[in-house]
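The values are calculated or read from the model by the stated rules, or taken from the named source; none is laboratory data. All values derive from a computational prediction rather than experimental measurement. Ligands, DNA and RNA are stripped out before the accessible areas are found, and what is left, the full protein with its side chains, is counted by its heavy atoms. Shrake-Rupley method; radii C 1.70, N 1.55, O 1.52, S 1.80 Å.
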Amino acid sequence: FERWATGLVLLGGLWQFSMRFVKTLGRPPYEFREIVRQLYATGFRSLSLVTVVGVVIGAVLTMQSRPTMIKFGAEAFIPAMVAVSVLRELSPVLISVILAGRVGAGIGAELGSMRVGEQIDAMEVAAVDPYKLLVFTRVVACMIALPVLTIYADFLALGGSWLIEKVESGMTISHFITSVVRSVDFSDYLPGVAKTIFFGFTIGIVGCYEGYHSTGGTEGVGKSATDAAVTSSLLIILLDVLFVKLTFMLWPV
């Protein structure tokens, strides 16, 4: 019962924190310089990690599915299968969960250190809105960076898949691209990218919430970072179930 109560308190706090973000969204001016700085920290500094993950997603999926597809005489459909799987689910969800660990935990630790070090309290005393400067900018940066990184990972995953097909069967790049283009529809690509905007919001808002309400000194900062990564990853998976259901309602197969 205690765990359920703690979870409900967390969800209530996140809801209030999110509503405050919506209110801030309609109150210019905005800290564009800080948003750009957070985009660099969130997006550009994650490129190396996303590059490796993107290539591996496509390569591993192709290697795992290839024997089964050959057994059923469907080797020619491997590019189509990989493209649909990557664009619909694998790339958006895996990239989001991985960045929840890197970015979410980082935000939680950073804001937690500022809260414990009383820097946030000092901003409030100086009549500076810490929510607008620290929280709003980080959440917006996550919402912008995650879709861009997902699109980047999509192309890398397809590239990794083609490399395996090239080695195993000698498939040309033009044949691979033609197979992918014929198999991918609007309903395969757009929902996968669109839902990462909400995943980015989840990563940013959870990380900021945990850090903003951090207590207990350095131990509390570590707990905030861990809770930010775990909670945002769990919420991303739960949200993905809802988005998959919504996608099939809007674009029936």
Q | Rounded to whole Hz, the Karplus (6.51, -1.76, 1.60) HN-Hα couplings of segment 70-77, x for glycine and proline | A | 5, 4, 9, x, 10, 4, 5, 8
Q) Where a Cα-Cα gap under 21 Å defines reach, which lysines qualify for Lys245, not counting those fewer than 8 residues away within the same chain? A) Lys195
Q) Counting pairs of alpha carbon atoms under 8 Å apart in space and at least six apart in sequence, what relative contact order in percent does the chain give? A) 33 percent
Q) To the nearest Å, what is the center-to-center distance of segment 175-247 and segment 34-76, using C-alpha atoms only? A) 16 Å
Q.
So, for the chain, what is the accessible surface per residue at a probe of 1.4 Å, expressed in square angstrom?
A. 53 Å²
Q. Helix 2-25 sits at what angle to the longest principal axis of the chain, using alpha carbons and giving 0 to 90 degrees rounded to 10?
A. 90 degrees
**Q.** Most mobile of Ala41, Ala153, Ala141 in a GNM of the chain (Cα contacts under 10 Å)
**A.** Ala41
Q: Divide the volume of the convex hull of the Cα atoms of segment 17-167 by its number of residues and quote the answer in cubic angstrom per residue.
A: 120 Å³
Q. What percentage of the solvent-accessible surface of segment 1-105, computed with a 1.4 Å probe over protein heavy atoms, is contributed by carbon and sulfur atoms?
A. 70 percent
Q. Roughly to the nearest percent, how much of the accessible area of segment 112-253 is carbon and sulfur, given a 1.4 Å probe?
A. 71 percent
**Q.** Angle between the chain longest axis and helix 186-212 axis [Cα atoms, degrees, rounded to 10]
**A.** 30 degrees
